[in-house]
Amino acid sequence: MKVRLGYSDRIVEIDDKVVHVFNGKLVSAPLSEVVNYYLKGEGLLPPAIKALVPDIIRVLLNTGEFHGEVPSIAEYGHGLSS
C-alpha cells in the first residue's frame with residue numbers, strides 16, 4: 001500500500017506500514033505507533049506526525065486499508081472529527 005497526502009507545507013506518505021512526513025526534514029514512524037497514538041493517546045511520535053494523526057487515520061479508513069488489522073477502532077468508540 002502506498003498513500004500520499006499533499007499539504008501546502010509538507011508531504012505525507014504511508015508506505016509499507018511506515019508513515020513519512022517531509023516538511024523541511026524527513027521524519028518517520030511505524031503505522032502501528034500512529035494507530036496506537038490515535039486509539040490510546042499515548043506513544044512516542046515526532047510532532048510533525050502527531051499533528052497529522054487524525055488525517056492519516058481518516059484516509060486509511062476511507063480507503064479500506066486497515067483490512068481488519070485494527071478492529072479495536074470501533075471498540076474504542078472514537079469518531080472521526082472534521
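The values are calculated or read from the model by the stated rules, or taken from the named source; none is laboratory data. No experiment lies behind these values; they were computed from the predicted model shown. Note: ideal-geometry Cβ built from the backbone for every residue, glycine included; neighbour counts use all protein chains shown. When the accessible area is computed, the model is the full protein with side chains, heavy atoms only, and any ligands, DNA or RNA have been set aside. Shrake-Rupley method; radii C 1.70, N 1.55, O 1.52, S 1.80 Å.
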Over the range 9-32, the set of residues surrounded by 16 or more Cβ atoms within 10 Å (Cβ to Cβ) and in a helix (DSSP H, G or I) is Leu31
The lone condition Val3 fails out of (1) at pLDDT below 95; (2) open to solvent by 50 Å² or more (accessible area, probe 1.4 Å) is (2)
Pro47 passes all but one of the listed conditions (1) touching a residue at least 24 places away in the same chain (Cβ under 8 Å); (2) open to solvent by 70 Å² or more (accessible area, probe 1.4 Å); (3) of a type outside the set (D, E, K, R); the exception is number (1)
